[in-house]
Amino acid sequence: MKKLPLYLTAMLLMLYSISAYPQEHKEHTLSHLWELMAKSYPELTEKQARIEASEYRKKELKSAALPQVQLQLQNSYGSFAGTNGAFFPIPGVFNVNGNAAKDSDASSSTMNTFGSVLLDWKISQFGKQQKMQEAAGYEVQEAQSNYEATLLSLRTKMTRNYLNLLYTQSGLSWADKNVLRVKEILELSSSLAEAGLKPGADTALAASTYLQALAQKEEWQGKYAAGQINMRELIPTLSGTLKLPLQTYMGIGQTDEGLDSVSVAHPFLQVLDKRFRYQQTQKTVLARKQLPSLSLLAGISARGTGINPDGSVHRNFASGFDNSSRNYLIGLGISWNLTGLYTGSLEKKRAQKQIDVAQSQYELQKLRMNTALQSISSRINAQFKQVAKTKEALRKTEEAYDLYLSRYEAGLINLTDLLQIQALLQQVEKSNIEVHQELWSQWNTKAELSGDYSYLFNNLK
């Protein structure tokens, strides 16, 4: 019975180690890294904040259609000499005034209180408010398209860093293989020299080649470490060493034609399209801006003064609340900026030029993207053929190397001939890695231009 807890503890530790092992050696797929980047990368959170700001802007414009209510309260001290005649009141001020009492001292001063509530409801702006809200809606859509375009650009950058890391990982694997191969040659030449079958100079030459292979491996280790750091630029939360699917990278599948024309829904085009539509709506807003505004006006006021009906005057602070009177006002008002009729025509002309600029930018971007997409599709088709031929060349070079190694071991050729075929094999292996990297890079470019990452998503996993 005492052995049972120890048995259970051992089983738990074994299960934990089994469950933890795949986590430590789990290969990071491209789609998984995309998800990590999209969660917390600062540039994306900035674009998201801009979307929310533009949505608040739209709500502000919508609230501007509500009645505007102003409250005014004051208690002041001053003279009360009345004056007859007409005057232009300050807009927004609601006041009822009369002559001073005949028996009062007009040169004297007293306290006054005044309070008013004014309502100004623009019941008709002849469509200007609706067009402003429509323009704000396009601002929101442009901000959303900007977010999607930024996300696509970051995906392209993430994929480029991912492919570069795969390239350096392949280069490091290639350097390891080369070191082992040259080490085998060194050991073979040493044993043949000791047996007196080959000169001792072969050992020195093989040792020199081995040291060069080690130096080359150190170079690739540095590139691989730098690639690991570059991946953390877009995903700072990553920790440990990234393990990538190297076999998938070197075993790229068959070509996929995909799209050869840019969709109008592409985020890069959508940004310019929403900007174009915004400029069109702004021109309409400027045209409506020249029209008058019809308002419903209403107000109530209460006023007190230290002047009594008999003409006597009080100067204490509380006297301003005496002898109160209340008034009201209701009516319709129209306001029309006639000077804006001239300036508005200039604003409309300027708005039309901005529309022309936005439209030209859209057409130019679409032309460039379509041209680049068709060009990269042609390059990908040719690159697939190059990959196939390079793989076949690698297979034949490996066969030739094995034959040369056997001939050297049998004493039929010298070390120089073997090292030459080894160098050729090394060169073909590196060329095989480079043509794969070039093909993946071209696919990354095509995915950005088409906005479709399904091929990379399905193959880099």
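A straight Cα-to-Cα reach below 21 Å connects Lys348 with the lysines Lys128, Lys131, Lys274, Lys283, Lys289, residues fewer than 8 places away in its own chain not being considered.
Less than 5 angstrom separates the built amide H of Gln290 from none of the residues sequence-distant by 5 or more or on a different chain. Here the 3J(HN,Hα) profile of the range 210-218, calculated from phi with Karplus coefficients 6.51, -1.76 and 1.60 at θ = phi - 60°, is 5, 5, 5, 5, 5, 5, 5, 5, 4 Hz, Gly and Pro shown as x.
As an exercise, use a Förster radius of 30 Å and the Cβ-Cβ distance of Ser431 and Ala372 to find the FRET efficiency, rounded to the nearest 0.05.
With R0 = 30 Å, the Cβ-Cβ based efficiency is 0.70.
In order along the range 304-312, phi translates into HN-Hα couplings of x, 8, x, 9, 7, x, 7, x, 6 Hz, rounded to whole numbers, per the Karplus curve 6.51 cos²θ - 1.76 cosθ + 1.60 with θ = phi - 60° and x for Gly and Pro. Under the simplified labelling scheme, the Ala38-Ser360 pair shows an inter-label distance of 3.7 nm, with each label point 7 Å from Cα along Cα→Cβ.
For the chain, treating each Cα as an identical point scatterer without solvent, what Debye log10 I(q)/I(0) comes out at q = 0.10 1/Å? The Cα Debye sum returns log10 ratios of -0.96. Couplings for the range 162-175, taken from phi via the Karplus curve 6.51 cos²θ - 1.76 cosθ + 1.60 with θ = phi - 60°, read 4, 5, 5, 5, 4, 5, 5, 5, 5, x, 5, 5, 5, 5 Hz in order; Gly and Pro are left as x. Simple spin-label estimate for Asn316 and Ala388 gives 10.9 nm between the two label positions (7 Å along the Cα-to-Cβ direction from each Cα). Annotation: Thr241 carries an accessible surface of approximately 100 Å², with a 1.4 Å probe and no ligand, DNA or RNA atoms counted. With respect to the chain, whose longest principal axis is taken over its alpha-carbon atoms, helix 340-409 is tilted by about 10°. Solvent-accessible surface of the range 197-267, averaged per residue with a 1.4 angstrom probe and all protein chains in place: 56 square angstrom. Excluding ligands, DNA and RNA, the accessible surface per residue across the range 291-432 is 62 Å² with a 1.4 Å probe. Secondary-structure-derived ellipticity at 222 nm for the chain, considering helices only, amounts to -23000 deg cm²/dmol, per-run term -39500 (n - 2.57) for DSSP H runs with n ≥ 4.
Roughly speaking, to the nearest percent, how much of the chain's 1.4 Å accessible area is carbon and sulfur? That fraction is 56 percent.
The values are calculated or read from the model by the stated rules, or taken from the named source; none is laboratory data. Everything numeric in this text was worked out from a predicted model, so none of it was measured. Cβ coordinates were reconstructed from backbone atoms using ideal geometry, including for glycine residues, and neighbour counts include every protein chain displayed. The protein model used for the area step is the full one, side chains on, heavy atoms only, and it has no ligands, DNA or RNA in it. Shrake-Rupley method; radii C 1.70, N 1.55, O 1.52, S 1.80 Å.
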